[in-house]
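**Student:** One structure coming up, written as structure tokens, with questions to follow.
The values are calculated or read from the model by the stated rules, or taken from the named source; none is laboratory data. Remember, predicted model here, so these are calculated numbers, not experimental data. Cβ sites come from the backbone with ideal geometry, for glycine too, and all protein chains shown count toward neighbours. We work out accessible area using only protein heavy atoms, side chains counted, and drop any ligands, DNA or RNA first. Shrake-Rupley method; radii C 1.70, N 1.55, O 1.52, S 1.80 Å.
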Amino acid sequence: MDRSTGDQTRCKYVFVGGSPRSGTSLLGRNIARMEHCAGFKNTGVFEDEGQFLQDVYPVASEYGGSSRCGFDPRMHRTETCELLTPENIRRLKATWHSYWDNTKSIFVEKTPENFLMTRFLQAAFADSYFVVLRRHPVPVSIAGQRWTTNITSLNRMFEHWLHCYKLFEKDRKYLNHVYELTYEDYVENPDKYHQEIAAFIGTRVPEAPKEDDFRIVLQWRNPSGLRVPERAMETTSAVYSKKYFDRWSYFLTRSPFKGYYRYIARKYEIEFAKYGYSLIEGFVDDKEALGGDSKLSTALGSLYCLGADLGALLRRSAAWTKYRVKRTVKALLPEFVLDRIRQARQRPLLNNARAQVSCSSEQPAGHRIAARSSLRGDASR
């Protein structure tokens, strides 16, 4: 057996996907903790998720791959993709397997865009299994805005949610193994869905450990570091969406721009109802207050959307300009200056993380050793 790629005749591949901010990271990590499963090491740092894709840039970028993810769902969606030649598939598998523990037989990969590339992935990886997660469009869209510094209007976010899941519905009939669930059901009863997913992919849920181990992960946005559990299954939170639901209720009832939000609520209500979601029920006490779809409200709503898209375009342009300026300045600075800047940024991270480890004297010794070893590994990277 090739130790770098494993015995691919007995491999299963589990691809976890769904709209970004729908809980795919949590679900993917929990599936990877099941017996006989291997997943990419998740450090809690965004740049490390999907790191493996950087090694397939020479392959994917020739066929329309994006610079960020390596694959572009617009190009790599179906079996007719030009990337799917025997040599490219071999290189693709070898690259991905170099990131997996090849002593296992089930390999788990989480990337939100997976559910838009199901037919492509099924053609490249035989015996593929797809676990697709769906979440209420309000928290997904508002959280997505915050993730991208609000450079996309909420109208566009709702439109994107519908577009992506409609594409998946079109591709679903071509797939051999698909398991679908909603985030709302998952957080209410995670044990049930862990058991069902384990049966779906042909494995079982491991027993919970007697004691949990933790490791400290350095994050530049979080100076104290992130304490990542190494338990068999990570816990879910059923209240995580509440702040987004409260925000959307405020948009519909008290916001100065409530006319815009009411318009898009009426605009997408029927479409979202097909997926079991509502932009109105539970968010306003009096549905009559939302008004009707008269010619005047439609015209004003279209103007609202145009203004919101224009504002997002200006914010997006400002963000790209700032990025280009920083990149240009960085290219002009000598290397020793860049090293000093990196050291200055890393110093508080290291100090705070070490203090957190040293002060956790109430933890068992095994926990502190695991945390320190992880700290040294992350610091070296």
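**Student:** Pull up the stretch 79-102, narrow it to residues that are of a type in the set (V, I, T) and in contact (Cβ under 8 Å) with a residue 24 or more places away in the chain, then point me to the one that is surrounded by the fewest Cβ atoms within 10 Å (Cβ to Cβ).
**Tutor:** Narrowing the stretch 79-102 to residues of a type in the set (V, I, T): 80, 85, 89, 95.
Now drop any that are not in contact (Cβ under 8 Å) with a residue 24 or more places away in the chain, which leaves 89, 95.
Details: I89: 16, T95: 19.
This residue is I89.
**Student:** Filter the stretch 311-331 for residues that are within 27 Å of the chain's Cα centre (by Cα) and aliphatic (A, V, I, L, M); which is least open to solvent (accessible area, probe 1.4 Å)? Give the derivation first.
**Tutor:** Step one: list which residues in the stretch 311-331 are within 27 Å of the chain's Cα centre (by Cα), which gives 311-324, 326-327.
Imposing the further condition that a residue be aliphatic (A, V, I, L, M) reduces the set to 312-314, 318-319.
Values: A312: 3, L313: 82, L314: 113, A318: 61, A319: 46 Å².
The qualifying residue least open to solvent (accessible area, probe 1.4 Å) is A312.
**Student:** Among the residues of the stretch 166-180, how many are within 25 Å of E269 (Cβ to Cβ) and surrounded by fewer than 19 Cβ atoms within 10 Å (Cβ to Cβ)? Before you say what the answer is, go through the steps one by one.
**Tutor:** Of the stretch 166-180, the ones within 25 Å of E269 (Cβ to Cβ) are 166-170, 172, 180.
So of that shortlist, the ones also surrounded by fewer than 19 Cβ atoms within 10 Å (Cβ to Cβ) come out as 166-167, 169-170, 172, 180.
Of the residues in that region, 6 qualify.
**Student:** Could you go through the stretch 347-364 and let me know if any residue there is open to solvent by less than 100 Å² (accessible area, probe 1.4 Å), modelled with pLDDT of 75 or more and hydrophobic (A, V, I, L, M, F, W, C).
**Tutor:** Among the residues of the stretch 347-364, not one is open to solvent by less than 100 Å² (accessible area, probe 1.4 Å), modelled with pLDDT of 75 or more and hydrophobic (A, V, I, L, M, F, W, C), which makes the answer no.
**Student:** Here's another thing I want to ask about it. Would you mind stating whether M157 is without any contact (Cβ under 8 Å) to a residue 40 or more places away in the chain, open to solvent by less than 50 Å² (accessible area, probe 1.4 Å) and either touching a strand residue (DSSP E or B) at 6+ places or on another chain (Cβ under 8 Å) or of a type in the set (A, V, I, L, M) (or both)? Break it down into steps so the answer makes sense when it comes.
**Tutor:** Values: without any contact (Cβ under 8 Å) to a residue 40 or more places away in the chain: yes; open to solvent by less than 50 Å² (accessible area, probe 1.4 Å): yes; either touching a strand residue (DSSP E or B) at 6+ places or on another chain (Cβ under 8 Å) or of a type in the set (A, V, I, L, M) (or both): yes.
Considered against the rule, which asks whether it is without any contact (Cβ under 8 Å) to a residue 40 or more places away in the chain, open to solvent by less than 50 Å² (accessible area, probe 1.4 Å) and either touching a strand residue (DSSP E or B) at 6+ places or on another chain (Cβ under 8 Å) or of a type in the set (A, V, I, L, M) (or both), M157 comes out as yes.
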